[in-house]
Every structure is written in C-alpha cells, then in structure tokens.
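Report on the structure given below.
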Amino acid sequence: MTYLRPLFRHPNLPKNKNSYTIKEYEGALSTLCAGCGHDSISSAIVQACFELDIEPHRVAKLSGIGCSSKTPTYFLGNSHGFNSVHGRMPSVATGANMANKDMVYLGVSGDGDTASIGMGQFVHVVRRNLNMVYIVMNNGCYGLTKGQDSATADQGSKSKAGSINPFQAIDLSSLAVELGATFVAQSFSGDKSQLVPLLKAAIRHRGFAFLNVISPCVTFNNNQGSTKSYDYVRGHLEATSTLDYVPEKNPITASYEKGSRTTVSLHDGSQLQLHKLAQEWDPEDRFSACNALQKAQARGEILTGLLYVNSEFNDLHATLNTSSRSPFNKLTEKELCPGSSVLEEINGGFR
Ligand SMILES: Cc1ncc(C[n+]2csc(CCOP(=O)(O)OP(=O)(O)O)c2C)c(N)n1
Ligand code: SF4
C-alpha cells in the first residue's frame, strides 16, 4: 500500500467549476506495492480530471489484466469502470465508444497487456483512431505474475534474478506513430509536472491519444542493470519540451525567455504551449517524431513529452459516418430500425 489516506479532509478544499473537490475524483485505497510507479500515474489522472472540471459520471475507465490494469479502482471512484480480459481492453473500449460517443474513454494497460497478449487489439485500435486515451503503465515486466521480462524490456537489460534479456524491445510509441496515432506522448511516473498537462491534452484530443508512461516496478524490476528502474530512468530522461496546458478561452500567460516555442491547438480550442528543448523536433511532423525517438533510443535515452500530434483527421465515428446527431444509445427504436421498406431497398441495392 503506497499511502494511507486520511478520512478527514479540510472543509475548504478548493473546488472546481463543477463544485467538486479533488476527493470526488479519487478511488479506493491502493493495494499496489509501496512505491509502485502506477500509483503516481493514478494520482496524476485524478489531478488532471479535477483540473479539467470533468464530470466523473461522464468518464468510462477500461483496462485489461495486470497491476496496471487494477489501477482504475484507485482513481475516479464515481466513474464507470470495466476491468476486461488480458489484452482485450481495446475491443471493449471500441464497443462502448460506438454505443456512446459522448463519454471520455480512459483505457489503462500494461506493457505485457499491450505489447504481448494484446498486441493484435492494440494495433487495430490505433489505426482506427478511436477517440480515447490509451495509457500504458510501462515497467518492462509482468509485475502481477512476479516480474518476467515483457516485450518492452530493453535488449541487454538485467532482471532481478540476474538474467540478461536477449531480445529486441518493442517501442510502443514508435509503433503508434507509424500506425497513424494522432497523439503520441511519453512520460515518467515520477514527473507529475509533465504528466498532468500531457494527460489533460490527451483527454481533450478528439481521436486516439497514446501515452507511454515509464512506471518502475519496485518489487521485480528496480535492480541495477534494469533500464526501467527509478535510478536508470532518472538518469536517462530527455525531454522534447516543457509544456503548459492552456484551457479553452483562458488567456495565454506562459512566457519563456530562451529557446523556441510552439503552440499546438486542440479541437475544443484549448492549447498546448511547448517550450522546445530537443533540436530538429516538430511535434506536428511524423518523420521528426520517428527520428527523435530512434535517436534517443540509440543513445539509451528515454524521450519524454508530446512526441507527435495531428489535429486534422477523422476519428472512427466520422470515418464510419455514424449518427452525428446523438450517440447510438440515445436513439429511439424507430430511428434504429427504420422498417422493412428500407431493408427491402437496401437488399434491392445488392441485386
Ligand atoms: C489469458 C491470460 N494469460 C495470462 C495471464 C497471466 N497474467 C496476468 S497479468 C499478466 C501480465 C501483466 O503484465 P503487465 O500488463 O505489464 O502489467 P503489470 O502487472 O506489470 O502492471 C499475465 C501474463 C492472464 N491473466 N490471462
Ligand atoms: S509487483 Fe510491481 S507493478 Fe505490481 S504493484 Fe508491485 S511494484 Fe507495482
């Protein structure tokens, strides 16, 4: 258990526009190991949803199986949740989103859940550009089943038992960019100041938003020689930018003295202000993102920040031209079943 939460709360806790305090966004007490990176990500999700004034009942949390996939129990306790089967979160998210497009879909997965058993589902949800946030809590191992190497464990990385991983790692962010994801970011569970604005922007992005968050497993993969340990990650982070999330209609007040700045507009009118640190990197250029990722990988660095964003695209509902007026689950029986004459007309079209 990472922390014990007091039941008493200050009566004057700050409230957001919906008059909720941060307490309304918390979940059950975590049962993960003390110091697990996943708990820090849960806390960043709570913070982001509170700051975005999201109504908890408008959120659906979806996950697969793993310590990471348990975390939806530990945040947004007043939201909808579905803990699905190992690696099958994307198809459940797709079904739910098709039925009701008016929700915020938060998918949580692990590197095992996504890059091994769930790889088939992952690649298709990316290429379909489903409107959801897909978070991988990436610790390079199967934490829940006692720390076996996962497909994101780096080649040459040493396990707690001392064996060296002989296989190439799958780089989920590069894969997501290549498959056409329209928002790709990387972060570290220990960097809340970067993670919260990235989560806010991912939630506001209308399309598939992928967040690969390095999240050390303190129990099975925090040893010397592991490239997903706290010490290694802290020593090898390289940021593409520092960033501010600027909500819709708020004046832009952030200003930086040095380095170049870029502003990325999101669909709802909110913006991400990026103070670029990495050279030759443009967050709206796919090739630039791939290049930056590959170069960082070759140097043994972990590139963090918003890697790629594209605001000009169709999400799955637009591509399939589904009902634009209201979600399917709000349509009446008459609208959903237009009658036998329409069916005859459709069948006639095939003759
Ligand atoms: C169909 C199926 N196969 C295997 C398992 C065993 N299993 C449970 S969790 C897991 C991997 C978890 O790793 P990851 O997704 O990286 O999550 P973490 O626990 O590291 O957060 C495996 C192999 C299972 N539950 N179901
Ligand atoms: S086993 Fe690892 S991933 Fe699972 S809760 Fe413990 S520290 Fe976290």
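Please state the relative contact order of the range 1-132 as a whole percent: Cα pairs under 8 Å, 6+ residues apart? Each step should come with its number before you reach the end.
Numbers: 214 pairs, mean separation 30.6, N = 132.
Reported as a whole number, the value is 23 percent.
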Here D for the chain, in µm²/s, from Stokes-Einstein with a Kirkwood Rh over Cα pairs at 37 °C and 0.692 mPa s, works out to 156
Could you calculate the FRET efficiency of Gln155 with Lys15 from 1/(1 + (r/R0)^6), where r is the beta carbon distance between them and R0 is 30 Å, rounded to 0.05? 0.05
I'd like to compare 132-140, 30-38: which one has the highest average count of other Cβ atoms within 10 Å, and what's the full order after that? 132-140, 30-38
At what distance in nm do the modelled label points of Leu29 and His124 sit from each other, each positioned 7 Å from its Cα along Cα→Cβ? 4.2
Show that you can apply the helix-only estimate: for the chain, add -39,500 (n - 2.57) for every DSSP H stretch of four or more residues, divide by all residues, and state [θ] at 222 nm to the nearest 500. -8000 deg cm²/dmol
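Taking 4 °C and 1.567 mPa s as the conditions, I'd like the Stokes-Einstein D for the range 211-335 in µm²/s, using the Kirkwood hydrodynamic radius from alpha carbon pairs. Don't jump to the answer; show the numbers that get you there.
Values: Rh = 17.8 Å.
After rounding, the answer is 73 µm²/s.
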Enter the angle in degrees (range 0 to 90, nearest 10) between the Cα long axis of helix 286-298 and the first principal axis of the Cα atoms of the chain, meaning the one along which they spread out most. 30
Once you wrap a convex hull around the alpha carbon atoms of the range 128-219, what is its projected area averaged over all directions, in nm²? 6.5
Once both axes come from the Cα atoms, what is the angle between helix 37-51 and the longest principal axis of the chain, in degrees from 0 to 90, rounded to 10? 50
For the range 295-326 and the range 127-163, distance of Cα centres in Å: 21
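Going through the cross-link list Lys200/Lys334; Lys23/Lys158; Lys192/Lys276; Lys200/Lys276, which pairs have a Cα-Cα distance over 30 Å in this structure?
Details: Lys200/Lys334 38 Å; Lys23/Lys158 40 Å; Lys192/Lys276 19 Å; Lys200/Lys276 19 Å.
Result: Lys200/Lys334; Lys23/Lys158 exceed 30 Å.
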Output the peptides 10-20, 230-240 sorted from most to least packed, where packing is the average of other Cβ atoms within 10 Å over each peptide's residues. 230-240, 10-20
What is the Cα centroid distance between the range 22-50 and the range 88-120, reported in whole angstrom? 20
Taking only Cα atoms, what is the 0 to 90° angle, nearest 10, from helix 192-204's long axis to the longest principal axis of the chain? 10
Remind me, relative contact order of the chain in percent, using alpha carbon pairs under 8 angstrom and six or more residues apart? 15
Going by average Cβ neighbours within 10 Å, how do the peptides 344-351, 57-64, 200-207 rank, with the highest at the top? 200-207, 57-64, 344-351
Using the basic label-point model (7 angstrom from Cα toward the beta carbon), what is the Asn223 to Glu284 distance in nanometres? 4.8
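Read the figures in this text as sums done on the coordinates, not as results from a lab. No experiment lies behind these values; they were computed from the predicted model shown. Neighbour counts are summed over all protein chains in view; Cβ atoms, including those assigned to glycine, are modelled from backbone coordinates with ideal geometry.
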